[in-house]
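Everything below concerns the one structure shown next.
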Amino acid sequence: MGSWRVERLDQLPTALLATIMTKLDVSSICSLAVTCRAFNSCASHILSFLPNFHILDISPSMELIKSLLPPNSHLQSLKLDCGQLNDSSIELLLQPSLQELCFHNCADFSGKLLSEIGSRCKDVRSLYLGSVAEKRGRAIHISDLEELLGGCTQLEELNLMFDLSLFLRHNFARVWALASKKLTSLEIGYISSVMVTELLSPNVGPHQYPNQIRPSILPAIQKLSLAVDYITDTMVGTISKGLMLLTHLELRDAPLIEPRVTFDLTNSGLQQINQHGRLKHLSLVRSQEFLSTYFKRVNDLGILLMADKCANMESICLGGFCRVTDTGFKTILHSCSSLYKLKVCHGSQLTDLVFHDIAATSLSLTHVSFRWCNLLTNHAIKSLVRNTHLKVLDLRGCKNLGDEALAAIGSLCELKMLQLDNSDISDVGIAYLQHGIISSLVSLSVRGCKKLTDKCISVLFDGSSKLELQELDLSNLPNLSDNGVLALAKSRVPISELRMRQCPLIGDTSIMALASMQADDDRGHGSNLRLLDLYNCGGITQLSFRWLKKPYFPSLRWLGVTGSVNRDIVDALARNRPFLHVACHGEELGTDPWNNIDSSYMHDYEELDELEQWLQEGEWDSDDEEMEDAEDDADVVVE
């Protein structure tokens, strides 16, 4: 039998190349496609039988989707940012073989998207729809929801991240009775507490006789996550009683006015939680988004009553319980022996005493968050770090924490995420991290720590071995200057998200340094950064925009700048880089407004993202000239 050698990968048999490339995701396939004609041809072919198609970090246009998403009977999972799409793309997107659908930013779609999913995607098992019909002139009718729920009979997970409170209440329960009996997980972006109560109540709606008992709706639900107008005793009791298999319950409200007793959570409501004994994860949060308000009708007694039924709880998140003291919080720590995740927001009466005897418990906490718990001091952290397996530690807004707390935190060798916003730490305290946890950290935030200077950058990164740090927040540091950013660039840390908003001393030199920054020898300039927030940085001028255009920052997807920067230059940059989200109004970048992801701490970024290059090869010259014209016009205005 003759022997043969392959000197180049593109000489491999086409079938073998196709088999290899089907193991990759879309971005990686596009990375290969730009290397040679053989790979390009193979990539174009395999897109017609790829099982998974995921593009969430850019908003592709209809034209790009046409070139990337041909008819594909093998397609099972489709995840897209639909910011540039509308109803005209429905026929192209919805293929009968799909079992998983995830569409973000569907503001320009109407309710037709829901009804068409119900009629075209009968086998879909997991569905996520974000911001549907939020654009003016778009609407969702109850019939659209009815076709969705009646058509998708195999649904197991449903996330409707938009406002469902606009539907008429008298039809709402009837429509949800059509939902798949296999549905185990439900998340809703916004709904009124009254609608939830009527939906899950064992009695039927207002147009039926009292002796007509409605069969249980959503009998298989195990995970329920809702954002509502008010968390009330009635709603909590109805959920706890009606959903017998419930293991995860997440409720969040954001009142517009101070709630009355009938529209609020009290000790009585907490006592009704976990009536069937299956609950493992509980989150009750009152947001301060519109009004500074709290759960004023819940105190330690309510927590004691709840703890009696929650001994097997693994995760608890409590936000806005301003009347709960150390007694209530200690009850949780000592009653829930399986607890590994504890979050408390706006715990205004939480003090160090809660952790005084934490060593006497059998807890092994891995995720801890005490946001805006202003009475905590360094002593609390010294006790808390006895949980040596901590992976996430969120201490944002704990203003009394200083360098002694950092000395204790430095011993947590498994820590992945550390958030210290607005604390009293200094460069001296940051040094405690350099020889300990900096090598394990994936995310670090020191936003608003006013004592920090450029020295904290050199202290953290000088002489460090290979680091895993991907996210760094240096926002609102008045003493951070270009020198600190230069030190960061020289360290070659592979940061993917860098936030430096509200730093008055940051200027054009920082942008030039980051544009030239290389984490690996074989990669492009500034190639790792996918998010860069420069909002309201005092020294940023039009010169920086010359470094923000191609070929610099090839992976950049989110950019924050000050709105007062010349608008023509900003618009030209947006046209030069159509996949770049440019924010000029101070909004936080890279977050989904319906779905806060602060519980996650790691992102799996691609090593090389050539998607934009493959799709738009050859378009750079004209765009660059347009930006130069805008810069010249700005120069004239300045002169």
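List residues of region 134-157, by number, whose backbone nitrogen lies under 16 Å from a label position 7 Å along Cα→C-beta of A220. Backbone N within reach: 149-157. In plain terms, the chain from H170 to D357 could stretch by 62.0 nm, reckoned as 0.36 nm per residue minus the Cα-Cα distance. Scanning residues 5 or more positions from L218 or on other chains, none has an amide H under 5 Å from its amide H, with H placed 1.01 Å from N in the peptide plane. Normalised by 2.2 N^0.38 Å, where N is the number of residues, the alpha-carbon radius of gyration of region 273-352 equals 1.05.
What are the trypsin sites (Lys or Arg not before Pro) within region 434-503 that DSSP puts in a loop, where the Cβ has at most 12 other Cβ atoms within 10 Å?
Of the trypsin sites (Lys or Arg not before Pro), the ones in loops of region 434-503 whose Cβ has at most 12 other Cβ atoms within 10 Å are K466.
Summary of packing: across the peptides 547-555, 582-590, the per-residue average of other C-beta atoms within 10 Å ranks them, highest first, as 547-555, 582-590. Amide H contacts for L127 (H built 1.01 Å from N in the peptide plane; partners 5 or more residues away or on another chain; cut-off under 5 Å): L101, E157, L158, N159. 3J(HN,Hα) along region 135-151, derived from phi through the Karplus expression 6.51 cos²θ - 1.76 cosθ + 1.60 where θ = phi - 60°, amounts to 6, 4, x, 9, 8, 10, 9, 4, 5, 5, 5, 4, 5, 4, 5, x, x Hz, with x in place of Gly and Pro.
Probing with 1.4 Å while keeping every protein chain in the model, the per residue accessible area of region 49-180 equals 40 Å². Expressed as a whole percent, the proportion of Cα-Cα pairs in region 49-180 lying more than 27 Å apart is 14%.
Backbone geometry of region 52-65 corresponds, through the Karplus equation with coefficients 6.51, -1.76 and 1.60 at θ = phi - 60°, to 3J(HN,Hα) couplings of 10, 10, 10, 9, 10, 9, 9, 10, x, 7, 4, 5, 5, 4 Hz, x marking Gly and Pro.
Eigen-decomposition of the gyration tensor built on the alpha-carbon atoms of region 226-274 gives equivalent ellipsoid semi-axes of 20, 12, 7 angstrom, largest listed first.
Quick check: from the Cα gyration tensor, does region 208-351 come out rounded (a/c under 1.5), prolate or oblate?
In terms of gyration-tensor shape, oblate.
H334 sits with roughly 90 Å² accessible to a 1.4 Å probe, with DNA, RNA and ligands left out of the calculation. Annotation: amide H-H contacts under 5 Å for S283 (H modelled 1.01 Å from N, sequence separation of 5 or more, or interchain): L249, E250, L251, C317. Derived scalar couplings between HN and Hα for region 280-288 equal 10, 10, 10, 9, 10, 10, 9, 6, 9 Hz in order, rounded to whole Hz, by the Karplus curve 6.51 cos²θ - 1.76 cosθ + 1.60 (θ = phi - 60°), x for Gly and Pro.
Sorted on the mean count of surrounding Cβ atoms within 10 Å across their residues, most packed first, peptides 529-536, 84-91 read 529-536, 84-91. When only the Cβ of Lys, Arg, Asp and Glu is charged (+1, +1, -1, -1), the dipole of region 49-180 relative to its Cα centre reaches about 200 debye. Candidates L68, L145, N52 compared by Cα position along the dipole of region 49-180: farthest toward the positive end lies L145, with charges placed on Cβ. Legend: residues K181, K280, sorted from most to least accessible area (1.4 Å probe; ligands, DNA and RNA excluded), read K181, K280. Separation of the alpha carbons by more than 28 angstrom is noted, of K416/K455; K280/K450; K309/K416; K343/K382; K416/K451; K343/K450, for K280/K450; K309/K416. The apolar share of the surface of region 49-180, taken as the fraction of accessible area on carbon and sulfur atoms (1.4 Å probe, ligands and nucleic acids excluded), comes to 48 percent.
The values are calculated or read from the model by the stated rules, or taken from the named source; none is laboratory data. Since the model is a prediction, treat every value here as computed from it, not as a measurement. In this analysis, Cβ positions are derived from the backbone assuming ideal geometry, glycine residues included, and neighbour counts consider all displayed protein chains. Areas reflect the complete protein model, heavy atoms only, side chains present, ligands, DNA and RNA absent. Shrake-Rupley method; radii C 1.70, N 1.55, O 1.52, S 1.80 Å.
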